[in-house]
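The values are calculated or read from the model by the stated rules, or taken from the named source; none is laboratory data. It should be emphasised that the depicted structure is a prediction, and the values quoted were computed from it without experimental measurement. Cβ sites come from the backbone with ideal geometry, for glycine too, and all protein chains shown count toward neighbours.
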Amino acid sequence: MSREEKANVVDGLTTRLENAPFVALADYRGITVEEVNALRNKFREAGVHYEVIKNKLAKRAIAGSDKEALNDLLVGMTSWIISGEDPIAAAKVLKAETQDLVKEEKFNIKGGFFDGEILDSKGVTNVAELPSKDELFAMLLGLLQKGPQQVLGVVQAPGRDLVNLLKNFESKLAEGGE
């Protein structure tokens, strides 16, 4: 690889990392070419970038950034999983698509970066448990609708209570023969 090609790799990774809210690093030792290609395709469909970069070049790319602490994880064979706009969706895809490979000990998540923090392998899988953007919007919409419904219930309560009181009084009068 020429010096210019190396510079392009470093610049490309730096650009992708600047905009990525979620990054995971994994040891892919033991995974077959077919499995890597299938994994890349699944990630690509989900808007997640998967690539293998030499550790030396990766260290240059993250130097001086908030992800510089990932240097400690850049040992041995390392693949990069870089999210698009939705970090939770990327973590969910990572967990779902690599679950069997992790069990077979072909794919090992080393750690990652999310929301300004460096994560260990357990932390990366925990990110997948967080609600996605769509789930958060649904929860927010439910909360926004619940407030006016409760206010309406409170406003209607005195009228409803008065009607019930009058019906009860009418029943007592009817029973008493008056």
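Take the stretch 116-150 and flag every residue that is in a loop (DSSP other than H, G, I, E, B) and either touching a strand residue (DSSP E or B) at 6+ places or on another chain (Cβ under 6 Å) or over 18 Å from Leu73 (Cα atoms) (or both). Residues satisfying the conditions are Ala128, Glu129, Leu130, Pro131, Ser132.
Of the numbered conditions (1) within 28 Å of Arg60 (Cα to Cα); (2) modelled with pLDDT of 85 or more, Lys106 satisfies every one except a single condition; which is it? Condition (2) is where Lys106 drops out.
Are any residues in the stretch 1-56 among the β-branched types (Val, Ile, Thr), under 17 Å from Ala96 (Cβ atoms) and over 21 Å from the mean Cα position of the chain (by Cα), and if so, which ones?
Listed by number, the residues that qualify are Ile31, Val36.
Only one residue in Glu35, Glu85 is surrounded by fewer than 20 Cβ atoms within 10 Å (Cβ to Cβ), of a type outside the set (S, T, N, Q) and either in a helix (DSSP H, G or I) or modelled with pLDDT of 85 or more (or both), so which one is that?
Sole residue among the options that is surrounded by fewer than 20 Cβ atoms within 10 Å (Cβ to Cβ), of a type outside the set (S, T, N, Q) and either in a helix (DSSP H, G or I) or modelled with pLDDT of 85 or more (or both): Glu35.
Annotation note: Cβ proximity below 8 Å between a residue of the stretch 86-104 that is in contact (Cβ under 8 Å) with a residue 24 or more places away in the chain and a residue that is among the hydroxyl-bearing types (Ser, Thr, Tyr) and surrounded by fewer than 21 Cβ atoms within 10 Å (Cβ to Cβ) (sequence gap 6+ or interchain) occurs for Asp86/Ser132; Ile88/Ser132; Ala89/Ser132; Ala91/Thr125; Lys92/Ser132; Lys95/Thr125. From the list Pro131, Pro148, the one residue that fits, being closer than 30 Å to Ser65 by Cβ and loosely packed, with under 12 Cβ neighbours inside 10 Å, is Pro131. Identify, from the list Ala91, Ala96, Ala69, the residue that is surrounded by fewer than 18 Cβ atoms within 10 Å (Cβ to Cβ) and touching a strand residue (DSSP E or B) at 6+ places or on another chain (Cβ under 7 Å). When all the criteria are applied, what remains is Ala69. Which of the residues spanning the stretch 102-115 are exposed (fewer than 15 other Cβ atoms within 10 Å of the Cβ) and either outside any loop (DSSP other than H, G, I, E, B) or in contact with a His (Cβ under 7 Å, 6 or more places away or on another chain) (or both)? Lys103 - this is the single residue of the stretch 102-115 that is exposed (fewer than 15 other Cβ atoms within 10 Å of the Cβ) and either outside any loop (DSSP other than H, G, I, E, B) or in contact with a His (Cβ under 7 Å, 6 or more places away or on another chain) (or both).
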